[in-house]
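Enquirer: Next up is a structure, given as structure tokens.
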Amino acid sequence: MIDNGLTDTPLASFDLLLGLLYEAVLAPEGFQAFIETWCDAFDLKAAQLIIRNESSQEAKVLWTHGFDLRWLESYALVYAPEDLLAMQMREAPIASFYASNLDIPHPERFPQTRFYKEWIVPQGVAYAAGGTILREGPWLTQVFLQRSPSQPPFSRGEIDVFNRLVPHMQRAFQMRQRFTDMQLGQNLLASSLDVLAMPTLLFDEFGRLAHSNRSADTLLASRQALWVEHGHLVTRDAEATRSLNLELTKVLRASQGQGSVLNGVVSLPRRGRTPLVLMLAPLRLKDEARMQGAALLFVFDPEATPSITADTVRQLFGLSKREAELAAALCSGLTLDDLAAERGTSINTVRSQLKSVFNKTGTSRQADLVSLLLASPAYFLAQE
């Protein structure tokens, strides 16, 4: 254990933390072992490594120990703006640690706040310390440490020790971020996303956009619903952005084997239009021995006209050119009468072709045919 009265930590403990910190650059579990050892060495109740947006206060938990994630949702959606320690960290220089019992102005008022009564106390937390390690635009990489009422408050000597760790943490985090970029950039998964018609985005374990397919690039470039700033996805709706990052945190942790969430769904409002549906799914890169955790985000636009080409339908179901054109047109919302008029043929000719399509696709109704095509690769694969 660390003696709170000391201004330095025993060399063996400090060396152990540094060793684990740099091992985390390539470790499959990232900084998890470093966080856990920090808790043990400094007699902490919990520790979290997070990425927070300085403006909106939305947060993504990257690695944590001793913290019940059930409290993450209420913090992200309700209490984050009331966190006095976080406020102090925003106003003070980065690359330094601050403690709730040492650095918050008028600490005697803190127990009277709603944040303290409704979020801090129910978790059994009495003291907290935190520091901003890196800044990338409005996004801050931060560490938060907590102690229970039975543990001693943070001392100035301990804060000095934490500050000694900061430059090493900065280097280690940046090294892992660059390594993650390199690994995902070389992964065949990234390039394979371009075959999907639906806008699809790949996120790394830091919650940063690692790759987007052509459909997603078009959507992001329009900046009408969502776009990317400093590597992070944002939207025009602050509440939706917070919900999106909360779901992304859960899905990323699930991809690291630290949760049971299978996917997450967020509705993104659009003024005067049907909301976009954002679906997140965990992705574990099992073939990558040195990196763990990623997420896919699929964007579904209920108003978008399905993009199905007759040529793809013809190849998939063995239809003639005319039959494939008929099937693709039905998916676009045209009626048999529309098609007859467009082709200059009788309605009976079109019905005869439709009957042949039914036989070849194993369907018997137009609704069943359209459902079959929309669930087939003809819809999900991008068309040149």
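Enquirer: If I filter segment 212-221 down to residues being of a type outside the set (Lys, Arg) and open to solvent by 50 Å² or more (accessible area, probe 1.4 Å), which single residue comes out as nearest to Leu201 (Cα to Cα)?
Expert: So in segment 212-221, the residues of a type outside the set (Lys, Arg) come out as 212-213, 215-221.
Those left that are additionally open to solvent by 50 Å² or more (accessible area, probe 1.4 Å): 217-218, 221.
Details: Asp217: 9, Thr218: 12, Ala221: 13 Å.
This residue is Asp217.
Enquirer: Please name all residue pairs, on different chains or six or more residues apart, with Cβ atoms under 6 Å, provided the first residue is in segment 322-336 and is more than 9 Å from Ala310 (Cβ to Cβ) and the second residue is part of a loop (DSSP other than H, G, I, E, B) and of a type outside the set (Ser, Thr, Tyr).
Expert: Listed pairs, sorted by first residue: Cys331/Pro306; Cys331/Ile308.
Enquirer: While we're here: Say we look at segment 1-27 and pick out the residues that are of a type in the set (D, E, K, R) and outside any helix (DSSP H, G or I); which of these is modelled with the lowest pLDDT?
Expert: Filtering first and then ranking leaves Asp3.
Enquirer: Go through segment 106-120 and count every residue that is in contact (Cβ under 8 Å) with a residue 12 or more places away in the chain and not in a helix (DSSP H, G or I).
Expert: Looking only at that region, the number is 1.
Enquirer: On to the next question. Just the residues that are touching an Asp or Glu at 6+ places or on another chain (Cβ under 8 Å), assigned to a strand (DSSP E or B) and within 16 Å of Cys39 (Cα to Cα), please, taken from segment 122-174.
Expert: Ala129, Arg147
Enquirer: Can you name the number of the only condition in (1) closer than 16 Å to Asn245 by Cβ; (2) open to solvent by less than 10 Å² (accessible area, probe 1.4 Å); (3) modelled with pLDDT of 90 or more; (4) touching a Phe, Trp or Tyr at 6+ places or on another chain (Cβ under 9 Å) that Gly130 fails?
Expert: Just one mismatch for Gly130, condition (1).
Enquirer: Right, next: Restrict the check to segment 141-153 and report whether at least one residue is farther than 29 Å from Gln258 by Cα and either surrounded by fewer than 20 Cβ atoms within 10 Å (Cβ to Cβ) or at pLDDT 85 or above (or both).
Expert: Scanning segment 141-153, I find at least one residue that is farther than 29 Å from Gln258 by Cα and either surrounded by fewer than 20 Cβ atoms within 10 Å (Cβ to Cβ) or at pLDDT 85 or above (or both), so the answer is yes.
Enquirer: A follow-up question, please. Which one of Phe97, Phe67 is closer than 19 Å to Pro152 by Cβ and not small (Gly, Ala, Ser)?
Expert: From the options Phe97, Phe67, the qualifying one is Phe97.
Enquirer: Tell me, which residue of segment 49-72 that is assigned to a loop (DSSP other than H, G, I, E, B) and among the hydrophobic types (A, V, I, L, M, F, W, C) is surrounded by the fewest Cβ atoms within 10 Å (Cβ to Cβ)?
Expert: Result: Leu69.
Enquirer: Is segment 28-37 home to any residue that is closer than 14 Å to Phe162 by Cα, modelled with pLDDT under 90 and not acidic (Asp, Glu)?
Expert: no
Enquirer: Within segment 22-32, restricting attention to residues that are more than 15 Å from Arg253 (Cα to Cα) and of a type outside the set (Ser, Thr, Tyr), which residue is surrounded by the most Cβ atoms within 10 Å (Cβ to Cβ)?
Expert: Ranking the qualifying residues of segment 22-32, first place goes to Ala24.
Enquirer: Further question: Determine whether Met175 is exposed (fewer than 15 other Cβ atoms within 10 Å of the Cβ), out of contact with any Ser or Thr (no Cβ under 8 Å at 6 or more places or on another chain) and aliphatic (A, V, I, L, M).
Expert: Taking the combined requirement at face value, the residue satisfies it.
Enquirer: Anything in segment 331-371 that is farther than 17 Å from Ser320 by Cβ and either among the charged types (D, E, K, R) or in contact with a strand residue (DSSP E or B) (Cβ under 8 Å, 6 or more places away or on another chain) (or both)? List them, or say none.
Expert: Within segment 331-371, Asp337, Asp338, Glu342, Arg365, Asp368 qualify.
Enquirer: Let me ask another. Kindly indicate whether Ala46 is open to solvent by 10 Å² or more (accessible area, probe 1.4 Å) and either at pLDDT 85 or above or more than 19 Å from the chain's Cα centre (by Cα) (or both).
Expert: So Ala46 fails the test.
Enquirer: Filter segment 268-323 down to the residues that are within 28 Å of Leu252 (Cα to Cα) and among the polar types (S, T, N, Q), then identify the one that is modelled with the lowest pLDDT. Explain how you work it out, then say what you get.
Expert: Start the filter on segment 268-323 by keeping residues that are within 28 Å of Leu252 (Cα to Cα), which leaves 268-270, 274-302.
Among the residues that remain, those that are also among the polar types (S, T, N, Q) are: 274, 292.
Values: Thr274: 80, Gln292: 65.
That would be Gln292.
Enquirer: Of these, Leu193, Leu202, Leu244, which one is touching an Asp or Glu at 6+ places or on another chain (Cβ under 9 Å), modelled with pLDDT under 90 and crowded, with 19+ Cβ neighbours inside 10 Å?
Expert: Leu244
Enquirer: May I ask you to list the residues in segment 73-101 that are assigned to a helix (DSSP H, G or I), of a type outside the set (S, T, N, Q) and open to solvent by 30 Å² or more (accessible area, probe 1.4 Å)?
Expert: Glu73, Leu77, Val78, Pro81, Glu82, Leu84, Met87, Arg90, Glu91
Enquirer: For the subset of segment 212-244 comprising residues that are in a strand (DSSP E or B) and within 13 Å of the chain's Cα centre (by Cα), which member is nearest to Phe298 (Cα to Cα)?
Expert: Here the answer is Leu233.
The values are calculated or read from the model by the stated rules, or taken from the named source; none is laboratory data. As the structure is a computational prediction, the values presented were derived from the model and not from experiment. FYI the Cβ positions are ideal-geometry reconstructions off the backbone, even for glycines, and counts take in every protein chain you see. SASA here: full protein model, heavy atoms, side chains in, ligands and nucleic acids out. Shrake-Rupley method; radii C 1.70, N 1.55, O 1.52, S 1.80 Å.
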